[in-house]
Amino acid sequence: MPDIRQGLFRKIPAVDRLLTATQLQHISGEYPRSLILKAINQVLDDLRAKIQNGEIESQTQLGLALVSDQVIEKLTMISKASLRPVINATGVVVHTNLGRSILAEKVLRRFRSLSGGYSNLEYDLERGVRGSRYNHVEDILKDLTGAEAAMVVNNNAAAVLVSLETLARGREVVVSRGQLVEIGGSFRIPDVMRKSGARMVEVGTTNKTHLRDYEEVIGPETALLLKVHRSNFELVGFTEDVPLMELVGLGKRNGIPVMEDLGSGSFVDFSNYGLVREPTVQETLSQGVSLVTFSGDKLLGGPQAGIILGQRELVEAIKKNQLSRALRIDKLTLLALEETLRLYRDERVAVKEIPTLRMICQSHGALTKKADRLFKLIGKLRTGNFSIEFSKGTSMVGGGALPLLELPTRLLGLIPGKLASQVMEARLRSYNPPVITRLEKERVLLDVRTVQERELKTVAQAIRDLAQME
Ligand SMILES: *Cc1c(COP(=O)(O)O)cnc(C)c1O
C-alpha cells in the first residue's frame, strides 16, 4: 500500500510543468504570477492530502489537463472578491448579517460624481476657509427633527460611548435594570458604560422600575439619567416603566440631563401605514429629552452611522471630545447619509424611495403580485427533487427594531422530494449570486418581501437549476 502511495506522489505534476501547461498559458495574462503560484500550491497540497488518505488511488486522477483545470477553478475562487452581493430571501428587512439597510437608488446615483473626485467635505465654499464635516447633515437633521443641535459619528455604539464619556466620565449614570440590553453580542450597556469611564447606577428590578427608584439614588455625583430602548426584546406581564416625560421632569428638577439611546430611531410613524406605533425621534425630542442617539442603518434606512441630537451645549461638548475624532464618520458614509436624509423632506418620497421603509410598508397586494410574478418566472417544473407551495407567513423588521411585530407576507416554500431541505438551502446559498433563505419545519422558505423586483428572475433561475439537479 505505501508503495502505491509513493508512486502516486511521484506522479503529481511539477509546478514548472503546470505553469507551462496549455490551459494555464491561456489565462496567464489575466492573473498575477504570484496568484497563479498560490493556486497551484493549494491544488498540489489538496492532491497530496487526498493521496495520503486514500481518496486518490489511480494516476489518471493526476493527469496534467485534469490538474490544470483544478488550478483554474481554484484561481477563479481565490481571486473573487470576498464581499459579494447576495439576495435576501429571509424576509428579515434590516438583516444585520446581510448589511442591514440597502441604500436608495437616488443615493447611489450621487456616489459616482462625489466619491470619484474632491469635495467640500471640510471646506467652507462661501468663505474659502476650513469648514466642518458635520455641517453637511446638521441643518437637515435639525429641520427634520426640531433638534437644537446635531452631529454624526461612525455608528450608534460610538454615539452612546462618546456621549457617556463627555457627559459622565468619572461620575454616575442612572439606568433601569429593565433596560440593560445586549445588542448583537458586542454592544452591552454595562460594558459601554465601563469603557466610557462612567459609573453605572442600576435602579429598579428587571420587570418594574418606578420614578422613586431614580429619585432615591440622585446625588451630587449623578451626571446623567439614561433610558435605553429595549430594541430586541419586550417586557410583558407584570411590568412598569417610567415614561420619558416623567424622567425628563425629574432631570429638570435636579438639573441633570436625560439621554435616550433609541437604538433604531425612526422619523416615520409606522401606525400611519397600518403597523405598530413607536415614538418617532421628533416625538422623543419634543418631550424635552436632552440628548438622543440612534443608528443610521436600522429603521432610518441609510448607511451605518450614529446620530446624536439634542441640546446645543451638550452636542458642542461632544464635538470637542477627542474621542469624536477617532469615531468620526467617513466621507462616503456622510454623502450617503445626507442623500438619505434629503429623501425625508417629503415622507411620501421617503416611504417610496428608501428600500427599508418601502419593504416594511409593502402592501399585501404588492406582495401577492410579486409572488405571482415569481411563480410565472419559475414556470412549469418537471422534477422529483421538490415541490413548490405558496403560503402566507410573516416577515420581521430585524435589526433589533420592533421585535414582536410580525408583518404578514407571501412565502414560496420548497417541500423536499429527492433533495433534502438542507441540501436545497446550501445549494441556493452557493448560487451566484447567493440566495439566502430560511429553513423552517423541513421546508426551504423564500420570503418575497425582501427580494427586490430586479432579483426575481435570478431567484426563479436558481430554483429552476435546483429542479434540474441530478
Ligand atoms: C442597535 C443598537 C445599538 C447599536 O447601534 P449600532 O449602530 O449597531 O452601533 C445601540 N443601542 C441600541 C438600543 C440599539 O438598538
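Yes/no matrix, rows are residues, columns are (1) within 24 Å of ASN432 (Cα to Cα); (2) surrounded by 16 or more Cβ atoms within 10 Å (Cβ to Cβ); (3) β-branched (Val, Ile, Thr); (4) out of contact with any helix residue (DSSP H, G or I) (no Cβ under 6 Å at 6 or more places or on another chain):
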| residue | (1), (2), (3), (4) |
| --- | --- |
| GLY7 | no, no, no, yes |
| ILE12 | no, yes, yes, no |
| ASP16 | no, no, no, yes |
| ASP45 | no, no, no, yes |
| ILE51 | no, yes, yes, no |
| GLY54 | no, no, no, yes |
| GLU57 | no, no, no, yes |
| LYS80 | yes, no, no, yes |
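Results for (1) within 11 Å of the ligand (Cβ to nearest atom); (2) in a loop (DSSP other than H, G, I, E, B); (3) in the same structural domain as GLY255 (by TED's automatic domain parsing); (4) in contact (Cβ under 8 Å) with a residue 24 or more places away in the chain, shown as yes or no for each residue.
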position	(1), (2), (3), (4)
VAL175	no, no, yes, yes
GLY178	no, no, yes, yes
ASP191	no, no, yes, no
LYS195	no, no, yes, yes
THR205	no, yes, yes, yes
GLU215	no, no, yes, yes
GLY219	no, yes, yes, yes
LEU225	no, no, yes, yes
SER231	yes, yes, yes, yes
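GLU182 - would you say it is modelled with pLDDT under 95 and within 13 Å of the ligand (Cβ to nearest atom)? Taking the combined requirement at face value, the residue satisfies it.
Yes or no: LEU161 in contact (Cβ under 8 Å) with a residue 40 or more places away in the chain, away from the ligand (no atom under 16 Å from the Cβ) and assigned to a helix (DSSP H, G or I)? No: the conditions fail for LEU161. Of the set (1) β-branched (Val, Ile, Thr); (2) under 24 Å from ASP269 (Cα atoms); (3) away from the ligand (no atom under 16 Å from the Cβ); (4) in the same structural domain as LYS142 (by TED's automatic domain parsing), all apply to THR340 but (3).
Filtering the stretch 82-127 to residues that are under 17 Å from the mean Cα position of the chain (by Cα), surrounded by fewer than 18 Cβ atoms within 10 Å (Cβ to Cβ) and among the polar types (S, T, N, Q) leaves SER82, THR96, ASN97. Taken over the stretch 202-227, residues that are surrounded by 20 or more Cβ atoms within 10 Å (Cβ to Cβ) and within 15 Å of GLU246 (Cα to Cα) amount to 6. Checking the structure you have, find out if any residue of the stretch 22-29 is among the small types (Gly, Ala, Ser), closer than 13 Å to LEU75 by Cβ, within 42 Å of the chain's Cα centre (by Cα) and assigned to a helix (DSSP H, G or I). No, the stretch 22-29 has no match at all.
Here's the yes/no breakdown for (1) of a type outside the set (A, V, I, L, M, F, W, C); (2) assigned to a helix (DSSP H, G or I):
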residue: ILE102; (1), (2): no, no
residue: VAL107; (1), (2): no, yes
residue: ARG112; (1), (2): yes, yes
residue: LEU121; (1), (2): no, no
residue: VAL137; (1), (2): no, yes
residue: LEU141; (1), (2): no, yes
residue: LEU144; (1), (2): no, yes
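Could you figure out which of (1) more than 16 Å from the ligand (Cβ to nearest atom); (2) not assigned by TED's automatic domain parsing to the domain that holds LEU235 isn't true of ARG100? Failed condition: (1).
Just one of the listed residues (PHE390, PHE386) is farther than 18 Å from ILE360 by Cα and either within 21 Å of the chain's Cα centre (by Cα) or free of Cβ contacts under 8 Å to residues at least 60 places away in the same chain (or both), namely PHE390.
Yes/no per residue for (1) touching a residue at least 24 places away in the same chain (Cβ under 8 Å); (2) on the phi < 0 side of the Ramachandran plot; (3) of a type in the set (Asp, Glu); (4) in contact with a Pro (Cβ under 7 Å, 6 or more places away or on another chain):
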residue: PHE9; (1), (2), (3), (4): yes, yes, no, no
residue: ASP16; (1), (2), (3), (4): no, yes, yes, no
residue: GLN25; (1), (2), (3), (4): no, yes, no, no
residue: GLY29; (1), (2), (3), (4): no, yes, no, no
residue: ARG48; (1), (2), (3), (4): yes, yes, no, no
residue: GLU55; (1), (2), (3), (4): no, yes, yes, no
residue: THR60; (1), (2), (3), (4): no, yes, no, no
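Any idea which residue in the stretch 412-470 is farthest from the chain's Cα centre (by Cα), counting only those that are surrounded by 18 or more Cβ atoms within 10 Å (Cβ to Cβ) and of a type in the set (S, T, N, Q)? Residue satisfying both the conditions and the ranking: SER421. Taking the criterion of being of a type in the set (A, V, I, L, M) and part of a helix (DSSP H, G or I), the residues of the stretch 148-158 that qualify are ALA157, ALA158.
The values are calculated or read from the model by the stated rules, or taken from the named source; none is laboratory data. Predicted model, so just to flag it, every value in this text is computed and none were measured. Using ideal geometry, Cβ is built from the backbone for each residue, glycine included, and neighbour counts are taken over all protein chains shown.
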